[in-house]
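Note sheet for the following structure.
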Amino acid sequence: MTTRDVSPLSIPFTLTRNLYVRDEVEASLLTALLKRHDKHESYFWAYELHYSGVDLFAVLWRIYYDVYFELNPRLETYLSRKQETWAKKRDVGVFACCIKNMH
């Protein structure tokens with residue numbers, strides 16, 4: 001396959017429930033967390049991922065290790081406990097707690 005055989009339409013992407021591109025939603029969540037302007041924006045993007053069937057903890061762990069790990073090592077224990085709570089209770093409020101602490 002040459003570069004001429006690959007069109008922009010052949011690159012796979014996933015849409016969320018509200019028809020956002022998943023990669024852009026993840027980038028928007030990261031941006032909202034880093035800007036620290038409005039935590040409700042962070043909640044919106046996080047829940048957009050969750051209700052679209054994305055494993056939100058996988059996204060949060062990736063963000064944690066890419067951005068927060070070095071300066072906030074105690075957040076790792078917190079996220080682990082919240083993930084355990086999620087596994088037991090399946091309460092979506094767990095995500096709000098995680099986002100609030102990362103914000």
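Selection of the range 66-91 for residues being β-branched (Val, Ile, Thr) and either more than 17 Å from His103 (Cα to Cα) or surrounded by 14 or more Cβ atoms within 10 Å (Cβ to Cβ) (or both) yields Val67, Thr85.
Scanning the range 36-65 for residues that are at pLDDT below 95, open to solvent by 90 Å² or more (accessible area, probe 1.4 Å) and of a type in the set (D, E, K, R) yields a count of 1. Against the numbered list (1) surrounded by 16 or more Cβ atoms within 10 Å (Cβ to Cβ); (2) free of Cβ contacts under 8 Å to residues at least 60 places away in the same chain, Asp23 comes up short only at (1).
The values are calculated or read from the model by the stated rules, or taken from the named source; none is laboratory data. This one's a predicted model, so the numbers in the text were calculated from it and none came from an experiment. Here the Cβ is made from the backbone with ideal geometry for all residues, glycine too, and neighbour counts use every protein chain on show. Accessible surface is based on the protein model in full, side chains and every heavy atom, while ligands, DNA and RNA are left aside. Shrake-Rupley method; radii C 1.70, N 1.55, O 1.52, S 1.80 Å.
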